[in-house]
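Rule-based calculations on the coordinates, nothing more; no lab input. Because the structure is predicted, anything quoted here is derived from the model rather than measured. Because the Cβ atoms are built from the backbone with ideal geometry, glycine has one as well, and the counts that use them run over all protein chains shown.
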Amino acid sequence: MLALLALASACSTSQTVVVEAPASELTAVPFFPQNRYQCGPAALATVLVERGVDITPEVLVPEVYLPERRGSLQLELIASTRRHGRLPYPLAQDLAMLLEEVAAGSPVLVLQNLGVAWLPRWHYAVVIGYDPAAESVLLRSGRQARRQESLSRFDRAWSLADRWALRILRPGEVPATGDPAVYLRAIMDSRELLSESDLHQALAAGVEHWPEAANLSFAAANHARDMGQVDRALNFYEHALSADAEHPGALNNLADLLLSIGEVERARKLIDQALSLVPEGSRLRTVIEETSREISEQE
């Protein structure tokens, strides 16, 4: 028993964690005290309500709570977020970036392991602030509306849960510390549950925030074309090519769109450029060659 206690004590020892982040506290974030084993619904309701969703933990219980596990899995929380019209955005596994999101005005849903690696005790909480003077993080956690936890203790519990953290975005919002590829993937994974206007708003916000990200402009152009918005699609394709002049997908799709409105000569120039970039035998090459044939039929 003494040896076991010594091991547990050694595992709980925390190292000093130094993070440069401004002081912050989001006092308007709602609080839902959790019922036993139901920190998942309570924490998710906290961030959803803060992002404008009219919901309670009780409504979320059947969506995310798994009685046989006495808890909720991250996949259920992500799926529920999408069902309620919000974008779940996974944050990088970086404490400074997490606190930067909070300083920018957004609470962050986190998973903690309050036990040890070999005997986990999983817990969801919401980070609402940071006090650099006290080297502590502020949380909505369990039945505590304002839990102050040392930075090192928080970081240890978070690291034992693989540093999982989730930002909840309204369509049209972008994360303060985001990555355009991760943001686009978050949109594409949620697109079947978003309205057309929300999908457009999310893509357009990404293009504005990351003008150098050609794939975001390409996705926005494809969506605009699917919606029959030719002028908007043309602008987004051209924006994609201004970010990456050798984007074969944008070259092909813009050529195809120009062909549909009778601009055959310009379409030919673009498709020839695309053909020069893509190797023989690839799937994309087959698509580009088909567009080239269609252009030839109208030349």
### Message
Need the full-extension length gain, A23 to V264, defined as separation in residues times 0.36 nm minus the C-alpha distance. One decimal, nm.
### Response
80.9 nm
### Message
Loop-only trypsin sites (Lys or Arg not before Pro) in the stretch 77-121, please: DSSP not H, G, I, E or B, and at most 13 other Cβ atoms within 10 Å.
### Response
R121
### Query
Hey, what number do you get for the chain at 222 nm if only DSSP H runs of n ≥ 4 count, each worth -39500 (n - 2.57), divided across all residues, to the nearest 500?
-16000 deg cm²/dmol
### Query
Percent relative contact order of the stretch 231-299, based on C-alpha pairs within less than 8 angstrom and at least six residues apart?
28 percent
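Once you have the Cα-Cα distance between S159 and T286, take 0.36 nm times their residue separation minus that, and quote the gain in nm to one decimal. Don't skip to the end; give the middle numbers.
Working: separation 127, 0.36 × 127 = 45.72 nm, distance 4.62 nm.
This chain segment gains 41.1 nm when fully extended.
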### Query
If one puts a single equal scatterer on every Cα of the stretch 192-299 and applies the Debye formula without solvent, what log₁₀ I(q)/I(0) results at q = 0.13, 0.15 Å⁻¹?
-0.47, -0.62
### Query
Any idea what the relative contact order of the chain is, in percent, if you count C-alpha pairs under 8 Å spaced at least 6 apart?
14 percent
### Query
A104 versus Q201, label points 7 Å from Cα toward the beta carbon: distance in nm?
1.8 nm
### Summary
Extend 7 Å from the Cα of E294 along its Cα-to-C-beta direction; within the stretch 243-261, residues with backbone N under 18 Å of that point are 248-261
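Evaluate the chain: find the radius of gyration of its Cα atoms, find its Kirkwood radius, and give the ratio Rg to Rh. Walk me through the intermediate numbers first.
Numbers: Rg = 24.0 Å, Rh = 21.7 Å.
Here the Rg-to-Rh quotient is 1.11.
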### Task
Report, in cubic angstrom per residue, the convex hull volume of the C-alpha atoms of the stretch 23-120.
123 Å³
### Potential extension, E238-R170 segment - 0.36 nm per residue separation minus Cα distance
21.8 nm
### Message
Let's see if you can work this out: charge +1 on each Lys and Arg Cβ, -1 on each Asp and Glu Cβ, no other charges. What is the dipole magnitude of the chain about its Cα centre, in debye to the nearest 20?
### Response
1600 debye
